[in-house]
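Okay, structure first, notes after.
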Amino acid sequence: MIPANMLKFYINGAWVDPIGSDRLGVENPATEEIVAEVALGSAADADRAVAAARAAFDGYTAWPVAERIALVKRLLEVYNDRYEDFAQAMRLEMGAPIEWARGAQAWAGQVHIESTIQSAEEMVWEYARGTTRILYEGIGVCALITPWNWPMNQIACKVAPALIAGCTMVLKPSEIAPLSGLLFAEVCHAAGVPAGVFNLVNGTGPVVGARLSAHPQVDMVSFTGSTRAGTAVAAAAAPTVKRVAQELGGKSANIILPGADLAAAVTGGVEGCFGNTGQSCDAPTRMFVPRARHAEALEIARAAAGAVVVGDPCDPATTMGPLVSKLQFDKVQGMIQKGIDEGATLVCGGLGRPAGLNRGWFVQPTVFGDVTPQMTIAREEIFGPVLAILPYDTVDAAVAMANDTVYGLAAYVQGPLDAARAVGRRLRAGQVNLNYPDWDTCAPFGGYKQSGNGREYADWGIHDFCEVKALIGYGEA
């Protein structure tokens, strides 16, 4: 599904021509074919969008909360009507297998909007503390910068809470996967989002992203992407002292305790690592197993990796598509080579494309064993289907190795529940998943350390887009 307005931006309630003429081809990573062109914006385009958002803010933020919730409910209805369009767009722009595109990628947008609505209806927006009245109000004009790996997940869990909080916004989706973002702008228009409240400008991070981050009329930047890019956003935002919420990289540990069902725990860990072709910031990419069972774990992992079906994203039987680009392909190949060079045991997978695939950015599902904490594949985010298995001697040692990272986005623990709970409390991560639970879109999502700051999802996301006001001397309600 290719949107009709690939060469336009959505500003002040209308599709407008960009000021410049820069274009970028949109590649289908499964075929390496250019399927469309998208306009790339300039700083001047960003300025136009910010001006529209600023002009719309006073009127929109005065809407009663109930009316803002009703608007997002209309947005959800239109999104659901276009659900298959979103799935097909993400299948095309990022190579997501069609069943994954429907059941995970498009679903994520839907469920985040639903969770935000539910949380907004339950949230206490103002209350008395003695004779002071505490109010939650929209922070202002927000710049929303989203990535290519979970397009609708990140757009929905920024736009929906910002709308409900009473903010106006400029969205800059990833220029690598812009189709779904443009479709979302069509949804906002059809849902009746007022002119200027939601705006979209495509472009690169160093141009449009940098301008939005530094813009004196932007009150908040919500950014999801790499830690490297996140530090650039924070530095650009610092002179204007705007709020910066960031969800950045990860190198998540998965500790399999001695009492765990090893077959189920290792298999689930492989599947979690390889989901979305390994292109998830919270993927469990470091698996810690008891040293005495390390060899057994490697054989289980080999079998689980062998069950992955890599191929055409249009085929419902496919469970793993390509990486998103040649740049990402080359990076992952380089990391696999480092694992080999540094002495890890290559259990399965390795360099090059899978057999029978001679085009597209497909990689082999890869598992390394005998990994040590100092190896590159144990320390750096790979963002591909590459699992590092590290043996441990004691649970204390496993916890220490798990925490020995600059990241802290997510962690995983498998084993008897009481033991898993105890280990989970010791892990320095924003989310700790015990025994592979279902995705909880009402739980706060965000990281410790260099994995970012702030929290997304449900009411946690709404609070990030709010200022807190105290009316002192207000009197009893």
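Count the DSSP beta bridges whose two residues both fall in the chain, then state the antiparallel fraction as a percent rounded to the nearest 5. Kindly include the intermediate steps, with their values, before the conclusion.
Working: 26 of 63 bridges.
If we restrict to bridges inside the chain, about 40 percent are antiparallel.
Give me the percent of accessible area attributable to carbon and sulfur for the chain, probe 1.4 angstrom.
About 54 percent, which is the carbon plus sulfur part of the accessible surface.
For ALA235 and THR131, compute 0.36 nm times the residue count separating them, minus their Cα-Cα distance, and round to one decimal in nm.
On the way: separation 104, 0.36 × 104 = 37.44 nm, distance 3.96 nm.
So the extension gain works out to 33.5 nm.
Which value, in Å², gives the accessible area per residue of the range 390-446 when a 1.4 Å probe is used on the protein heavy atoms? List each step's numbers first, then the result.
Working: 2660 Å² over 57 residues.
For the range 390-446, the solvent-accessible area averages 47 Å² per residue.
Stretch VAL309-ASP393 to full length: gain in nm at 0.36 nm per residue minus the Cα-Cα span?
Extra length from VAL309 to ASP393 when fully extended: 26.8 nm.
Among 81-90, 199-208, how do they line up from the highest to the lowest mean number of other beta-carbon atoms within 10 Å?
Result, highest mean Cβ count within 10 Å first: 199-208, 81-90.
Determine the gain in length on full extension of the stretch LEU351-ILE19; use 0.36 nm per residue of separation and subtract their C-alpha separation, reporting nm with one decimal.
So the chain would gain 115.2 nm between LEU351 and ILE19.
Could you tally the net charge around HIS215, taking each other residue with its Cβ under 15 Å from the Cβ of HIS215, Lys/Arg +1 and Asp/Glu -1?
Summing Lys/Arg as +1 and Asp/Glu as -1 gives +3.
Can you send over the solvent-accessible area of TRP15, 1.4 Å probe, protein chains only, in Å² to the nearest 10?
Number for this one is 60 Å².
Can you tell me the accessible area per residue over the range 45-138, all protein chains present, probe 1.4 angstrom, in square angstrom?
40 Å²
Can you pull a Stokes-Einstein diffusion coefficient for the range 123-250 at 20 °C (1.002 mPa s), Rh from Kirkwood over Cα pairs, as a whole number of µm²/s?
After rounding, the answer is 140 µm²/s.
Could you pull out which residues in the range 238-269 have an amide N less than 14 Å from a spot 7 Å beyond the Cα of ALA422, following the Cα-Cβ vector?
Flagged as within label range: 257-260.
How long are the three semi-axes of the equivalent ellipsoid of the range 232-334, in whole Å, if each is the root of 5 times an eigenvalue of the C-alpha gyration tensor, listed from largest down?
32, 22, 11
Tally Lys and Arg at +1 and Asp and Glu at -1 over the other residues with C-beta under 12 Å from the C-beta of THR405: what net charge comes out?
Counting the neighbours of THR405, the net charge comes to +2.
Using the C-alpha atoms of the range 368-477, what convex hull volume per residue, in cubic angstrom, is computed? Intermediate results must be reported in sequence, preceding the final value.
Details: hull volume 18.7 nm³, N = 110.
It comes to 170 Å³ per residue, whole-number rounded.
When we measure straight from the Cα of LYS469, which lysines land under 18 angstrom away, once same-chain ones fewer than 8 places off are left out?
Straight-line reach from LYS469, under 18 Å: LYS242.
In the chain, how does Rg compare with the Kirkwood Rh, expressed as the Rg/Rh ratio over alpha carbon atoms?
Reported Rg/Rh, Kirkwood definition of Rh: 0.98.
Please list 326-338, 377-389 highest first by mean number of surrounding beta-carbon atoms within 10 Å per residue.
Working: 326-338: 16.9, 377-389: 23.8.
Ranked from most to least packed, the peptides come out as 377-389, 326-338.
The values are calculated or read from the model by the stated rules, or taken from the named source; none is laboratory data. Quantities reported herein were computed from a predicted structural model and do not represent experimental measurements. FYI the Cβ positions are ideal-geometry reconstructions off the backbone, even for glycines, and counts take in every protein chain you see. What goes into the accessible areas is simple: the full protein's heavy atoms, side chains included, and nothing from ligands, DNA or RNA. Shrake-Rupley method; radii C 1.70, N 1.55, O 1.52, S 1.80 Å.
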